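Reviewing the structure listed below.
The values are calculated or read from the model by the stated rules, or taken from the named source; none is laboratory data. Quick caveat, the model's predicted, so the values are computed rather than measured. So basically every Cβ, Gly included, is an ideal-geometry build from the backbone, and we count neighbours across all protein chains shown. Quick note on the areas: whole protein, heavy atoms, side chains included, nothing else; ligands and nucleic acids left out. Shrake-Rupley method; radii C 1.70, N 1.55, O 1.52, S 1.80 Å.
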Amino acid sequence: IVHIAPRDHDTLAAWLEAHRPDMILGINNIVRHWAQHRGWKIPADAGFIDLYAQPSINPSSGLFLDNQQLGCSALELVDLQIQHGAFGIPRNTFNHLLLPAWIDGDSSPWRGTSTPATSELKPAEPVR
């Protein structure tokens, strides 16, 4: 594991050469671009998984959390509280979990195959 400061290409290059990972995980596509700039072929030399994949912006494989669906879920919760006359800070809190969907992009070495961990992640139906 390496934590890289913004624009710190040299630390990433040194880490890649020292550890030769099979897979690189990143929060956005910039790490993929840095690795490619240093001569790494994605996914031939190492796969890349974007932990915050945005398929409308980049083609990487990764986990997609539908922010629109998240916003709709939040509005549904507020609507429910209004309907029940709830106000103020809730006495008991709860977590509302939306599972991310797997995006089968161009950066994973197992593209097009399904594993139990990824095949169970189904995109949510949009709220209308």
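Of all residues in region 1-14, those that are without any contact (Cβ under 8 Å) to a residue 12 or more places away in the chain have Cβ atoms under 9 Å from Cβ atoms of residues that are of a type in the set (S, T, Y), 6 or more apart or on another chain, in H3/T11; A5/T11. Exactly one of (1) within 30 Å of V2 (Cβ to Cβ); (2) part of a loop (DSSP other than H, G, I, E, B); (3) open to solvent by 100 Å² or more (accessible area, probe 1.4 Å) is unmet by F94. Its number? Checking F94 against (1) within 30 Å of V2 (Cβ to Cβ); (2) part of a loop (DSSP other than H, G, I, E, B); (3) open to solvent by 100 Å² or more (accessible area, probe 1.4 Å), the one that fails is (1).
Close Cβ contacts (under 8 Å, 6 or more residues apart or on different chains) running from residues in region 22-37 that are more than 11 Å from S107 (Cβ to Cβ) to residues that are in a helix (DSSP H, G or I) comprise W34/H9; W34/L12; W34/A13; H37/H9.
With the condition kept exactly as written, say whether any residue in region 64-81 is in a loop (DSSP other than H, G, I, E, B) and surrounded by 12 or more Cβ atoms within 10 Å (Cβ to Cβ). Scanning region 64-81, I find at least one residue that is in a loop (DSSP other than H, G, I, E, B) and surrounded by 12 or more Cβ atoms within 10 Å (Cβ to Cβ), so the answer is yes.
Name the residues in region 36-50 that are in contact with a strand residue (DSSP E or B) (Cβ under 6 Å, 6 or more places away or on another chain) and among the hydrophobic types (A, V, I, L, M, F, W, C), would you? Within region 36-50, I42, A46, F48, I49 qualify. Taken over region 16-54, the criterion of being closer than 12 Å to I103 by Cβ and open to solvent by 70 Å² or more (accessible area, probe 1.4 Å) is satisfied by L51, Y52.
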